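The values are calculated or read from the model by the stated rules, or taken from the named source; none is laboratory data. If you're wondering where the values come from, they're calculated on a predicted model, not measured in any experiment. Note: ideal-geometry Cβ built from the backbone for every residue, glycine included; neighbour counts use all protein chains shown. For accessibility, only protein heavy atoms count, side chains too; no ligands or nucleic acids. Shrake-Rupley method; radii C 1.70, N 1.55, O 1.52, S 1.80 Å.
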Amino acid sequence: MATWAGTEVSALNPLRAFWLTLAATFLLTLLLQLVPPGLLPGCAFFQDLIRYGKTKEGAPPRPAACRAFDVPKRYFSHFYIISVLWNGFLLWSLTHSLFMGAPFPNWLHGLLRILGTAQFRGGELALSAFLVLVFLWLHSLRRLFECVYVSVFSNAVIHAVQYCFGLVYYVLVGLTVLSQVPLDGRNVYVIGKNLLMQARWFHILGMMMFIWSSAHQYKCHVILSNLRKNKAGVVIHCNHRIPFGDWFEYVSSPNYLAELLIYISMAVTFGFYNLTWWLVVTYVFFNQALSAFLSHKFYKSKFISYPKHRKAFLPFLF
């Protein structure tokens, strides 16, 4: 157990409260979508707010007021540009502190304290947070590459609120990782003189899970993009077709399932016990489950021959 220096931080600090609220919000939203049609009054604005891309096609008719807030779905790349730059800066700051002994800037340390970090020594491992921040940065870099060079975007849209949320999300998730770093004042506290001496079995397991799930997500995105290309790799249309291969044989949205597994791999890297990160994972679970459920409904409504054994998000379950 870690020994806290100074006042012990409340179990429900601002970061944990934020992720818990997000998780509860998306759980409620998912449950509302599972209610049989007709039992609850429809709300075009609500449906417009939770859907994006192809799933907007299966929503109630969109009023002109909703269409005024449309943002091209291809702007997804902006999320990853922000993440690569911001989380790259956080990774640089952490690396500078770990290997050169430089303290965090005053403004960054003050921000982390406001969000709920604390001064402590002991069982928390700096290597865990370092690896998770590396994983987050690599994940964002790969997703940016896919948005630019792999994905084939149609004229599909997202809501302006979703766009703004996506920009803020990757800033907060990086700060969440950095807030888990054990600090002694403004300096990172490392047990022993060598960071690698902190290596544990769960770091290896988390790394293997991250690579495995990332590889499957990339493969699924390639399968989706190839549906709009000919054998020469030239884009010939932007229509939706039934994807096959890899995890598509089990679920309609394996890319969302892989996203969840990527975040679980980070929880493993934290050593399984990090409550703050498990709240992030819980949010990701309900968020991705909602998107997968709406995508599954779209596929089933559009294609009569859609595979009946295929689930939405979790193989054989949901």
Just how much of residue 67 is accessible, in Å², when a 1.4 Å probe is used and the result is rounded to the nearest 10?
-> 120 Å²
Long-range HN-HN contacts of residue 229 with modeled amide H, under 5 Å = 236
What is the helix-to-structure angle for 160-178, meaning the angle in degrees between its Cα long axis and the longest Cα principal axis of the chain, kept from 0 to 90 and rounded to the nearest 10?
-> 30 degrees
Ranked by accessible surface with a 1.4 Å probe, highest first, in what order do 305, 253 come?
-> 305, 253
At what distance in nm do the modelled label points of residue 145 and residue 44 sit from each other, each positioned 7 Å from its Cα along Cα→Cβ?
-> 4.3 nm
If amide H atoms are modeled at 1.01 Å from N in the peptide plane, then the residues at a separation of 5 or more from residue 179, or on another chain, having amide H under 5 Å from its own are none
Measure off, as a whole percent, the carbon and sulfur share of the 1.4 Å-probe accessible area of the chain, all protein chains present.
-> 68 percent
Percent RCO, i.e. relative contact order, over the stretch 183-318, from Cα pairs under 8 Å lying at least 6 residues apart | 28 percent
GNM result for the chain, Cα springs below 10 Å: residue of 238, 147, 43 fluctuating most strongly = 43
In the structure displayed, which of 56/231; 54/308; 231/297; 73/229 lie more than 27 Å apart, Cα to Cα?
-> 56/231; 231/297
How large is ³J(HN,Hα) for each residue in the stretch 14-20, as worked out from phi by the Karplus curve 6.51 cos²θ - 1.76 cosθ + 1.60 (θ = phi - 60°), to whole Hz, x for Gly and Pro?
-> x, 5, 5, 5, 5, 5, 5
Ignoring ligands and nucleic acids, what accessible area does residue 181 show with a 1.4 Å probe (Å², nearest 10)?
-> 0 Å²
Using a 1.4 Å probe and counting only protein heavy atoms, arrange 176, 95, 25 so the residue with the most accessible area comes first.
-> 25, 95, 176
Computed FRET value (nearest 0.05) for residue 155 with residue 244, which takes r as the C-beta separation and R₀ as 30 Å | 0.75
A chain fully extended from residue 12 to residue 64 at 0.36 nm per residue, minus the present Cα-Cα distance, gains in nm 14.6 nm
Computed for the stretch 200-317: size of charge dipole around the Cα centre, +1 on C-beta of each Lys and Arg, -1 on C-beta of each Asp and Glu, debye to nearest 20, value 500 debye
Accessible-area order for 318, 270, largest to smallest, probe 1.4 angstrom, reads 318, 270
How much accessible area per residue does the chain have, in Å², with a 1.4 Å probe?
-> 49 Å²
Using a 1.4 Å probe on heavy atoms of the protein chains only, the accessible area for residue 165 in Å², nearest 10, reads 70 Å²
Tilt of helix 201-226 relative to the longest C-alpha principal axis of the chain, in degrees (0 to 90, nearest 10)?
-> 30 degrees
